[in-house]
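The values are calculated or read from the model by the stated rules, or taken from the named source; none is laboratory data. Here the structure is a predicted model, which means the values were calculated and not measured. Neighbour counts are summed over all protein chains in view; Cβ atoms, including those assigned to glycine, are modelled from backbone coordinates with ideal geometry.
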Amino acid sequence: MATPFTGEGERRKGSVELRALAARRLRPVADRGAPGKVNRPLLATLGELGLLSRVVPLAGPVRAQDLCLLRESLAYACTAAETALALQGLGAHPVVAHGTRAQRARWLPEVAAGRAVAAFALSEPGAGSDAAALELRAEPTGARGAIRAGGADGAAVSGWRLHGEKRWISNAPQADVYTVFARTGPGTRAAGVTAFLVPADRPGLGGEPLEMLGPHPVGTLTFDGVPVGPGDVVGEVGRGFRLAMATLDLFRPSVGAFAVGMARSALDASVAHAGERRAFGGPLKDLQAVSHLLAEMATRTEAAALLVQAAAAAYDAGEPGVAARSAMAKLFATETAQYVVDSAVQIHGARALAHGHLLEHLYREVRAPRIYEGASEVQRTIIAKELFRAAGAGASP
């Protein structure tokens, strides 16, 4: 397995190496995949190259800085590979961080090798960015004292049956295993939620794909009395929402890194185009409107990259205020990438709208990150709450 990169010089070297690897080994496999379908050969290649084991480690924590380096570098050269890697990491991370020995032994080697597809099932038809509104029910099936609900959910139970629906779940319904968040207790909002590890072959579990703007697989999951037991619980009963938010605190800066990778790709393509394309008697780069736009694109991209790196470093160091920093990184980087890609399309003109053009591809890819894992408006709410919390405690966020 490749070792994480430390220091700016090593980070830049690692990014160049990963970009080259993605262009040489991953993009050809990605191009053979079908939109909206899990590309299992691509996952197998990511596993073979040791990249999945860096986001799904068999031992030790995931380093946010390494995750961000991977996502930014792969996004620059092959967004399909970046997304496939990120979704494996997101789906498996609750097990990496809180899984039982049996859960880890059964699933982590398979996910890290790209042989099993993982998914993170939190969103519902009425609970997207407002994840605490989830309604998937986990109804107890017995009271034989096999597991207690941490004192929060009442009497001991021997198992549950899941009833309800999840929607907008990446890799659904094609994944092999899902981390599913369901309401086991009488509490509302964040209280009484438990995480379960649910294999795809459980009776009562169904689903269908959704046709979305982006090319990666997204779908619904339906739960018609799906049985789960104590051995399927990830972490503690009744503490699942906290587990979900901790996972997002790690992955939100890396969504920003994904956005930075796309922004850098669009910026480099625009600089090259402005130097080659002639209009009004000279190259586009000699037009002040174009050169100033490129300068603004570059400045915003660099600012986004630094904010992402700072958030990731804070996470790895265990510093306070990680929730706010993660939200800031995701918010600023995804909004910046939208601006940069849109500006790049404007600089290229009609050619950028042709199907198969790099910018046509990035234009479709760049929109979703402003919504998933908490929309931009939700990130602003998180940041504001953390500001007021810090002010009440007499500390900076």
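Below is a table of values for the structure above.
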item: Selected residue (only one of Ala97, Ala105, Ala20 is in contact (Cβ under 8 Å) with a residue 60 or more places away in the chain, assigned to a helix (DSSP H, G or I), of a type outside the set (Asp, Glu) and surrounded by fewer than 20 Cβ atoms within 10 Å (Cβ to Cβ)); result: Ala97
item: Extreme residue, nearest to Leu70 (Cα to Cα), among residues of the stretch 1-39 that are at pLDDT below 90, under 22 Å from the mean Cα position of the chain (by Cα) and among the polar types (S, T, N, Q); result: Ser15
item: The stretch 348-397, subset under 16 Å from the mean Cα position of the chain (by Cα) and not in a loop (DSSP other than H, G, I, E, B), residue nearest to Lys285 (Cα to Cα); result: Glu365
item: Residues being surrounded by fewer than 24 Cβ atoms within 10 Å (Cβ to Cβ) and either in a helix (DSSP H, G or I) or hydrophobic (A, V, I, L, M, F, W, C) (or both) - total across the stretch 303-335; result: 15
item: Residue within the stretch 31-38 that is assigned to a helix (DSSP H, G or I) and more than 21 Å from Val111 (Cα to Cα) present; result: yes
item: All positions within the stretch 111-127 that are farther than 17 Å from Ala195 by Cα and surrounded by 18 or more Cβ atoms within 10 Å (Cβ to Cβ); result: Val111, Ala112, Gly114, Ala116, Val117
item: Matching option when the condition is surrounded by fewer than 24 Cβ atoms within 10 Å (Cβ to Cβ), assigned to a helix (DSSP H, G or I) and touching a residue at least 24 places away in the same chain (Cβ under 8 Å), among Arg300, Arg252; result: Arg300
item: Qualifying residue in the stretch 77-94 (condition: at pLDDT 95 or above and either in contact with a Cys (Cβ under 7 Å, 6 or more places away or on another chain) or basic (Lys, Arg) (or both)); result: no
item: Residue that is within 21 Å of the chain's Cα centre (by Cα) and surrounded by 21 or more Cβ atoms within 10 Å (Cβ to Cβ), where the choices are Ala182, Ala246; result: Ala182
